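A.B. asks: My structure is below; once you've seen it, I'll send some questions.
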Amino acid sequence: MSNADFEKILNTSDEWIVTRTGMKERRYAPPEMASSDLATRAARHALERAGLEPADIDCFIVATVTPDYHFPATACIVASNLGVVGKAAFDIEIACSGFIYELPMAASFVRAGVFRRVMIIGVETLSRILNMEDRSTAILFGDGAGAAIVERVEASRDGFLSSELGADGNAPEMLYLPAGGSREPLTQTGIADKRDKVHMAGREVFKYAVTKMVETSLQVLERAHLTTDDVTWMIPHQANLRIMEAAAKRLNIPRERIVVNIEKYGNTSSASIPIALSETIEAGVLRKGDIILFTGFGGGLSWGSVAWRWDA
Ligand code: COA
């Protein structure tokens, strides 16, 4: 879905979208594909790259706000699609912060000896919950999936350095899907009023995002005895190019060290960071020992940062 496609259906322009967001295109899954289908593809890709079989994974975690069903968990379906039955599988729902929350969760599981390998997936089919008549939200989001495998290793090779996660539920309506849950079950009127679609107060979320990304980035680096000069790659949640650039500027991280692919995918929520990580690996620029700063924010509101030493 290109900016030109939006020009045909909304009072918007390529120029407005590019300057305000950095986005040029997004991908929408075809109607027959659900989140589990996208997630399964990403999972297979990750397994292939790691030289592992589905049976080598002890736990599957899916972060999503667009699950196949309210329940059961999409992770159960993904594991089954991969031919795995009997291993742990569950979803987490913390909007765009999903992958940022999954990383320390998976690292803690493997460190504690609960699991040997954990597959963490971020997946969204946000096209299903967009109000295509609302120009302030429709243009922002896309569909996608990314997956990573976190494995137990000896302490000297442990890549997880530090994390800081947070949330503030005082104003859930800043970014939410009003109807379809227990507070407001879905009705015909609700559907007519698009209460089953994304609602957002964009400007407020913007300010919050930059503040929290900067704050938690500094916290995790300090905790890992690092400075922003040590960061080889900053992989931020891809919500808006201006948000990423503002955060990087305040952190004094040069533009060439920020991984940006927002022009191709828009905001894919919990999928954006693993997709960006995957493309960084594919580009062949990641080196053993590189310090990666993951940082993001999303509905909740929620936010977090993770410092990771690459060891592959
Ligand atoms: N095309 C053209 N004009 C648009 C538009 C569009 N797609 N969307 C909004 N506008 C208009 C608004 O209606 C407003 O017009 P008005 O001044 O006549 O009322 C004007 O542009 C400015 O709107 P504003 O909301 O101040 O723009 P902005 O610079 O804050 O950019 C966002 C809007 C949504 C791009 C920006 O606030 C943002 O990215 N926020 C964060 C959202 C986010 O990341 N959410 C996900 C979190 S994970």
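The values are calculated or read from the model by the stated rules, or taken from the named source; none is laboratory data. What you see is a predicted model, and the numbers here were worked out from it, not measured in a lab. Cβ placement follows ideal geometry from the backbone for every residue including glycine, while neighbour counts extend to all protein chains displayed. Keep in mind that these areas ignore ligands, DNA and RNA; they rest on the heavy atoms of the full protein, side chains included. Shrake-Rupley method; radii C 1.70, N 1.55, O 1.52, S 1.80 Å.
A.B. asks: How big is the chain by the Kirkwood estimate over distinct Cα pairs, in Å? List each step's numbers first, then the result.
C.D. replies: Details: mean 1/r = 0.0510 Å⁻¹.
Result for the chain, one decimal place: 19.6 Å.
A.B. asks: Past the 23 angstrom mark, what percentage of all C-alpha to C-alpha distances in segment 1-87 do you count?
C.D. replies: Across segment 1-87, Cα pairs with separations above 23 Å total 44 percent.
A.B. asks: Which whole-Hz ³J(HN,Hα) couplings does segment 63-75 yield from phi under the Karplus relation 6.51 cos²θ - 1.76 cosθ + 1.60, θ = phi - 60°, glycine and proline marked x?
C.D. replies: 9, 6, 10, 10, x, 4, 9, 4, 8, x, 4, 4, 4
A.B. asks: Next question. Rg over Rh of segment 198-266, using C-alpha atoms and the Kirkwood radius, what does it come to?
C.D. replies: 0.99
A.B. asks: Can you pull the accessible area of LYS207 for me, 1.4 Å probe, Å² to the nearest 10?
C.D. replies: 130
A.B. asks: Cβ neighbours within 10 Å, averaged per peptide: list 151-157, 70-76, 21-27, 52-58 in order, most packed at the top.
C.D. replies: 21-27, 70-76, 52-58, 151-157
A.B. asks: What dipole magnitude, in Debye to the nearest 20, does the chain give about its Cα centre under +1 on Lys/Arg Cβ and -1 on Asp/Glu Cβ?
C.D. replies: It comes to approximately 320 debye.
A.B. asks: Distances longer than 26 Å among the Cα atoms of segment 37-170: what percent of all pairs is that?
C.D. replies: 25
A.B. asks: While we're on this one: Return the percentage of antiparallel bridges among DSSP beta bridges fully within the chain, rounded to the nearest 5 %.
C.D. replies: In the chain, DSSP labels about 65 percent of beta bridges as antiparallel.
A.B. asks: Taking N as the number of residues in segment 160-309, what is its Cα Rg relative to 2.2 N^0.38 Å? Intermediate results must be reported in sequence, preceding the final value.
C.D. replies: Values: Rg = 17.0 Å, N = 150, 2.2 N^0.38 = 14.8 Å.
Against the compact-globule rule of thumb, the ratio is 1.15.
A.B. asks: Kindly write out, for segment 287-296 in residue order, the coupling ³J(HN,Hα) from the Karplus curve 6.51 cos²θ - 1.76 cosθ + 1.60 (θ = phi - 60°), rounded to whole Hz, with x marking Gly and Pro.
C.D. replies: 10, 3, x, 4, 9, 10, 10, 8, 8, x
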